[in-house]
Amino acid sequence: MGEKRQVYLDYSATTPVKKEVAAAMLPYFTEHFGNPSSLYTFGQEAKTALRTAKEQVAGLVGAQASEIYFTGSGTEADNWAVVGGAMWKRGKGRHVITTEIEHHAVLHSAEYLAKEGFEVTYLPVGADGLVRAEDLKGALREDTTIVSVMFANNEIGTVQPIAELCRIAHDAGALFHTDAVQAAGSLPIDVGALGVDMMSLSAHKIYGPKGVGALYIKKGVNLPTYIHGGAQESGKRAGTENVAGIVGFGKAAELAGQDFETRTKKIAGLRDYLVERVQGEIPDIRINGCLEARLPGNINITFKYIEGEAIMLLLDMAGVSVSTGSACTSASLAPSHVLKAIGVPVDEIHGSIRMTVGDFTVKEDVDYAVDTLKAAVEKLRSISALNGR
């Protein structure tokens, strides 16, 4: 296997901050430290930087700068969209639709609404992880206020037919929100073509800093104020802005749009090479999710007879970082709700790992990771009581 190396294959959990992003942020900690709400020069410099960042983030998804609202995370953006959208439209009804495979930021927002008297319908998905148009049509009612379907799943990478689902929701008079935290920077996005009313984004998934997110709110959608106490973000989210972080988000969004096709094609090629090697060299596995409609860097694999957590720990000892599910629930012993929803048997869910390739991955990383993975699987299966062979 050769000399030990550090290989990071968990880009869906978070990404390193690119050097250009860090360089863009640095002056706003030191030289340009003003409060954007201040009228003097220091403040106006910061305000100009925020305006530029809005234009950069808007450019990544085909929005107008005035439709971008900065938040503290993608999770906050999801909460604001789902809860705020339902509250804004509660005069129409109290029915909300989402899916069984959403990020917990959406699922827990839906649970909160249920406690507040709303009724929530959770759409099923097929074995490929895709939401069916007919299921959405069948679930919509006159009192449906908002539909929330994630653009691409954080665990299995499945990409949903957002434009089609959005049209169906709009035909029934419902708002449509999509969590695009995993999709932005990895898939071409045009909010105008998609037709969505709201879209959640996060900086740290596109080589920007942690602690900064954004919510696209289509012009005309009047969500209630989310945080009270000031006039920031057009009076919708009070609190002095994280200027340096927002500047970093803007720069990361700008970089994500450059050489987009070349970059994503390279990532998809490395992912396909990883899949090819694993399928050809390790028996008794299952690729989870849809291989066609899928994020370019994502692969989720079930290894029968062994525990995914044990695989992850052995890989980590060898310098390879992967995950057993979404980073937000990695401390939980509960089986992945996503893998459960696509029909993976519960005893096999625990034998699943997610590997995600990113901008800094090279072929040698993939080879080292697969060689390490093969050795780990062979070792664990040799001592597994579940291995009946």
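Bear in mind these aren't lab numbers, they're just calculated from the coordinates by the rules spelled out. Predicted, not measured: the structure shown is a model, and the values here were computed from it. Neighbour counts run over all protein chains shown; Cβ positions are idealised from the backbone, glycine included.
Only helical runs count toward this figure. For the chain, summing -39,500 (n - 2.57) over DSSP H runs of n ≥ 4 and dividing by all residues gives -12000 deg cm²/dmol at 222 nm. A value for percent of Cα pairs over 40 Å apart was derived from the coordinates, and within the list [x] 21; [y] 17; [z] 27 it appears as [y]. Ordering ALA139, ALA46, SER202 by the projection of their Cα atoms onto the charge dipole of the stretch 32-257, which places +1 on the Cβ of Lys and Arg and -1 on the Cβ of Asp and Glu, puts ALA46 at the extreme positive end.
Can you give the percent of C-alpha pairs in the stretch 32-257 whose distance is more than 23 Å? Roughly 44 percent, once rounded to a whole number.
Taking the C-alpha atoms only, the angle from helix 363-382 to the longest principal axis of the chain is near 60 degrees. Please list, short to long, the whole-number percent of alpha-carbon pairs of the stretch 120-160 in consecutive 5 angstrom bins beginning at zero. Result returned by the calculation: 5, 19, 32, 22, 14, 6, 1.
A crude spin-label estimate for the pair THR225 and SER66, with each label 7 Å from Cα along the Cβ direction, gives 2.0 nm. When the GluC sites (Glu not before Pro) in the stretch 66-163 are filtered for DSSP coil states and for at most 12 other beta-carbon atoms within 10 Å of their beta-carbon, the remaining sites are GLU116, GLU142. Positive end of the dipole of the chain (Cβ unit charges, origin at the Cα centre): among ASN242, THR356, SER73, the Cα lying farthest that way belongs to ASN242. Angle of helix 260-281 to the longest C-alpha principal axis of the chain, folded into 0 to 90 degrees and rounded to 10: 30°.
Could you rank the peptides 182-193, 197-208 by their average count of other C-beta atoms within 10 Å per residue, with the highest value first? Kindly include the intermediate steps, with their values, before the conclusion.
On the way: 182-193: 19.9, 197-208: 27.7.
Highest-to-lowest ranking by the protection proxy: 197-208, 182-193.
When only alpha carbons are used to place a centre, the stretch 238-297 and the stretch 85-139 end up 26 Å from one another. Measuring nothing but how far apart in sequence close Cα pairs (under 8 Å, 6+ apart) lie, relative to its length, the chain scores a relative contact order of 23 percent. Of all DSSP beta bridges confined to the stretch 32-257, the antiparallel ones make up roughly 40%. Listed by chain and number, the aspartates and glutamates placed with their C-alpha closer than 19 angstrom to that of LYS137 are GLU100, GLU102, GLU119, GLU164, ASP171, ASP197; residues fewer than eight positions away on the same chain are left out. Here the gap between GLN44 and LEU313, fully extended at 0.36 nm per residue and compared with their Cα-Cα distance, gives a gain of 91.9 nm.
Can you flag which of LYS54/LYS205; LYS92/LYS218; LYS205/LYS266; LYS89/LYS115; LYS219/LYS265; LYS266/LYS379 are past 24 Å Cα-Cα?
Values: LYS54/LYS205 17 Å; LYS92/LYS218 19 Å; LYS205/LYS266 18 Å; LYS89/LYS115 17 Å; LYS219/LYS265 33 Å; LYS266/LYS379 32 Å.
With Cα atoms farther than 24 Å apart: LYS219/LYS265; LYS266/LYS379.
Counting only DSSP beta bridges with both residues in the chain, the antiparallel share comes to about 50 percent.
Just to verify a number: FRET efficiency for ALA133 and LYS363, C-beta to C-beta distance, R0 = 41 Å, to 0.05?
Values: r = 39 Å, r/R0 = 0.95.
Efficiency computed from Cβ-Cβ geometry: 0.60.
How about the stretch 111-187: which trypsin sites (Lys or Arg not before Pro) there are in a DSSP loop, with at most 15 other Cβ atoms within 10 Å of their Cβ? Don't skip to the answer; put the middle values down first.
On the way: sites: LYS115, ARG132, LYS137, ARG141, ARG167; in loops: ARG132, ARG141.
Within the stretch 111-187, the qualifying trypsin sites (Lys or Arg not before Pro) (loop, at most 15 other Cβ atoms within 10 Å) are ARG132, ARG141.
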